[in-house]
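A short write-up of the structure that comes next.
The values are calculated or read from the model by the stated rules, or taken from the named source; none is laboratory data. Treat the numbers as computed from the prediction; the structure is a model and nothing was measured. Methodologically, a virtual Cβ is constructed for each residue, glycine included, from the backbone with ideal geometry; neighbour enumeration extends over all protein chains shown.
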Amino acid sequence: MKKPVLMFGLAMCLGLGTFFACTKEVDSKPQFIFKPAPNNKAAAKINGNIVTYDELLSGVESELYEAEMKVYEIKYNQLRAMVLKKFMESDPNYKGNNDKFLDEHIAKGVTVSDKEVDAFVAERKIPKNNLNDQLTSRIKQFLMKEKKQQAIDAWIAKKTQDSPVEVYLEKPSRPVKDIAVGNSPFMGKADAKVTIVEFSDFQCPFCSRGADIMNELKKKYEGKIKVVFKHFPLPFHTDAPLASEAALCAEEQKKGNFWKMHDLMFADQQKLKKSDLVAKAKKVGVKEEDFKKCLDSRKFKSAVDADMELGKKVGVKSTPTFFVNGQMVNGAQPVEIFSEIIDEELAK
């Protein structure tokens, strides 16, 4: 009786059983061996050739910086919370309840008025027909949180005047790229100490906000910065390439026309078809027939394409992307972000 069982077991090993245990399978996983590097520049060895960190990280500098900043911000926010806790606990009025101390001593009297809510709604361009009690309540909560944070910052500032906090956390450095300005349109002084290269798309709503930020910076740092425009029309913005070419066609007729077209196009991004571009150019004061010929010939397509290639080479993946003296800033960030970098560069 045992023989059939033995034969069945053998059959399983030779047949179906091979899928479970009897046959040694070839390992289908890639063979990665983790070991100490031969030098501090080596990241891996592929087919006997060393791959350096510069090669490995080329093109992902922005993503790495953002990831490193998230880690830094977690540490920094934890430090700020610890600073607040330590100073509260050392205050003679502290009775062991953080929230109570915050409300009664740090943020005492902080309120949000209806006028402040109205100002927030106007600034954020929230349609009035979207406002209801729930949304209004959320806006008040948001503003209250902001005002409490301001009160905390002011309280900590006062506490640290006589006892400064020494911070040893290392802040990540922004990726730096050497970008040739070439013949690209610019505003500001040609020999300004700080150059901001802007890769932008006339059909991108965030780029419109980015243009406003550049204008704010130009006023704030008059004579100290130069803003250079580079074209980076995204594939899904079908009107953007011709809009870029239209601005250059207008500039060809008269220096300064680029920025006039720039402002008109960002002011009304819904009208960027050829007829709309002609209408905008007429407002600028170009010779209409020459402008149309320029557009029809696609004279400046190669210039726009060259900007696109340069953008890809330096790591631009979305619009707007800025380089402040080579330091990358992704997106239409607040003026304060740019000012921090500009002030550092001006101080050098």
Pick out the one residue from 97, 132, 49, 93 that is more than 30 Å from residue 327 (Cα to Cα), in contact (Cβ under 8 Å) with a residue 12 or more places away in the chain and exposed (fewer than 13 other Cβ atoms within 10 Å of the Cβ).
93
Among the residues of segment 149-166, is any closer than 30 Å to residue 58 by Cα and at pLDDT 95 or above?
no
Meets criteria (part of a loop (DSSP other than H, G, I, E, B), touching a Lys or Arg at 6+ places or on another chain (Cβ under 7 Å), within 26 Å of residue 256 (Cα to Cα) and not acidic (Asp, Glu)) for residue 180:
no
Test of understanding: among 284, 324, which residue is β-branched (Val, Ile, Thr) and under 19 Å from residue 207 (Cβ atoms)?
324
Test of understanding: among 297, 339, which residue is among the polar types (S, T, N, Q), closer than 18 Å to residue 198 by Cα and either exposed (fewer than 14 other Cβ atoms within 10 Å of the Cβ) or in contact (Cβ under 8 Å) with a residue 40 or more places away in the chain (or both)?
339
Give segment 275-291 a look and list any residue that's over 20 Å from residue 239 (Cα atoms) and of a type in the set (A, V, I, L, M), or say none.
286
Using the structure shown, decide if residue 307 is of a type outside the set (A, V, I, L, M) and touching a His at 6+ places or on another chain (Cβ under 8 Å).
yes
Condition met for residue 243 (free of Cβ contacts under 8 Å to residues at least 60 places away in the same chain, among the small types (Gly, Ala, Ser), on the phi < 0 side of the Ramachandran plot and assigned by TED's automatic domain parsing to the domain that holds residue 317):
yes
When residues of segment 109-122 are limited to those that are outside any helix (DSSP H, G or I) and free of Cβ contacts under 8 Å to residues at least 40 places away in the same chain, the one farthest from residue 133 (Cα to Cα):
109
Mind counting the residues in segment 164-176 that are in contact with a strand residue (DSSP E or B) (Cβ under 6 Å, 6 or more places away or on another chain) and assigned to a loop (DSSP other than H, G, I, E, B)?
2
